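The values are calculated or read from the model by the stated rules, or taken from the named source; none is laboratory data. A quick note: this is a predicted structure, and the numbers were derived from the prediction, not measured. Cβ sites come from the backbone with ideal geometry, for glycine too, and all protein chains shown count toward neighbours. For accessibility, only protein heavy atoms count, side chains too; no ligands or nucleic acids. Shrake-Rupley method; radii C 1.70, N 1.55, O 1.52, S 1.80 Å.
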Amino acid sequence: MDIVTGHVGWIEVVCGPMFSGKSEELIRRLRRAKIARKRVQVFKPTIDDRYSTDEIVSHSDTRMQSQVVQDAGEIMRYLDWRTQVIGLDEANFLGPRVVEIAQQLADAGKQVIVAGLDTDYLGRPFPPMPELLALAESITKTLAICMRCGNPAKHTQRLVESEALIVVGAAGMYEARCRRCFEPGIPKQEHFDFMRPEREKQQV
Ligand code: ADP
Ligand code: ZN
């Protein structure tokens with residue numbers, strides 16, 4: 001509980017693939033908090049300086065002033081304890097301590113809104129988002145539009161070759177794909193043995 005306002009804190013998570021509107025949704029919520037005359041602070045990791053170093057920017061170019069931090073630990077350095085609402089963009093790049101810090105802030109009566117990728121380019125849960133999802137009061141999963149077929153898309157498809165977990169980029173390097181069109185760099189579904197007709201299997 002916040003000792004000044006008496007408010008009970010909580011954690012809200014907005015997660016999904018790239019292009020699904022996480023930053024837009026984060027900015028929308030933070031704008032509403034400002035309209036409600038709440039004190040707001042926004043943080044993002046240094047890794048994401050694609051468009052701007054002191055703003056969070058969505059793919060549709062909505063923007064909001066933000067503080068760049070090396071990792072979650074640095075949030076405490078810049079935090080004004082009068083702040084009531086704290087936004088964290090690209091939380092999956094803030095390091096493992098983001099979980100402990102989000103918890104601490106929520107325990108101290110802050111409304112913590114966390115946006116981040118829930119899966120990586122291979123479709124695997126992206127740490128530490130699963131832990132945040134388990135600890136949050138509220139979860140919103142945003143979906144993009146599959147660039148192959150137009151269906152709702154939950155995957156971030158990497159279009160360039162790299163084994164690295166993180167390749168920072170946007171249009172041209174990644175696109176949104178649905179479950180069916182996603183190609184995670186491991187055999188496609190039709191290449192799995194159990195998916196192939198019996199007659200084909202015998203030929204191999
Ligand atoms: P995220 O933070 O999840 O990467 P953003 O909030 O930055 O997403 O951007 C969402 C915006 O991206 C949409 O409103 C739309 O204008 C644009 N966009 C580009 N590609 C797609 C796509 N494949 N599906 C949905 N929106 C897309
Ligand atoms: Zn598709």
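So which residues in segment 51-97 are hydrophobic (A, V, I, L, M, F, W, C) and either in contact with a Phe, Trp or Tyr (Cβ under 7 Å, 6 or more places away or on another chain) or under 17 Å from Ala33 (Cβ atoms) (or both)?
Selection gives Ile56, Val57, Met64, Val69, Ile75, Leu79, Trp81, Val85, Ile86, Leu88.
Say we look at segment 62-85 and pick out the residues that are in a loop (DSSP other than H, G, I, E, B) and under 17 Å from the mean Cα position of the chain (by Cα); which of these is nearest to Met18 (Cα to Cα)?
Applying the filter and picking the extreme gives Thr62.
For segment 43-61, does any single residue satisfy the condition of being among the acidic types (Asp, Glu), modelled with pLDDT under 95 and under 25 Å from Gly123 (Cβ atoms)?
Scanning segment 43-61 turns up at least one residue that is among the acidic types (Asp, Glu), modelled with pLDDT under 95 and under 25 Å from Gly123 (Cβ atoms).
Go through (1) crowded, with 23+ Cβ neighbours inside 10 Å; (2) in a strand (DSSP E or B); (3) not β-branched (Val, Ile, Thr) and name the single condition Gln41 misses.
The single condition Gln41 does not satisfy is (1).
Could you list, in sequence order, all residues of segment 148-191 that are modelled with pLDDT under 65 and open to solvent by 80 Å² or more (accessible area, probe 1.4 Å)?
Hits for segment 148-191 are Ala171, Ile186, Gln189, Glu190, His191.
Report whether or not Val69 is β-branched (Val, Ile, Thr) and in contact with a Ser or Thr (Cβ under 8 Å, 6 or more places away or on another chain).
Yes; evaluated as a whole, the condition is true for this residue.
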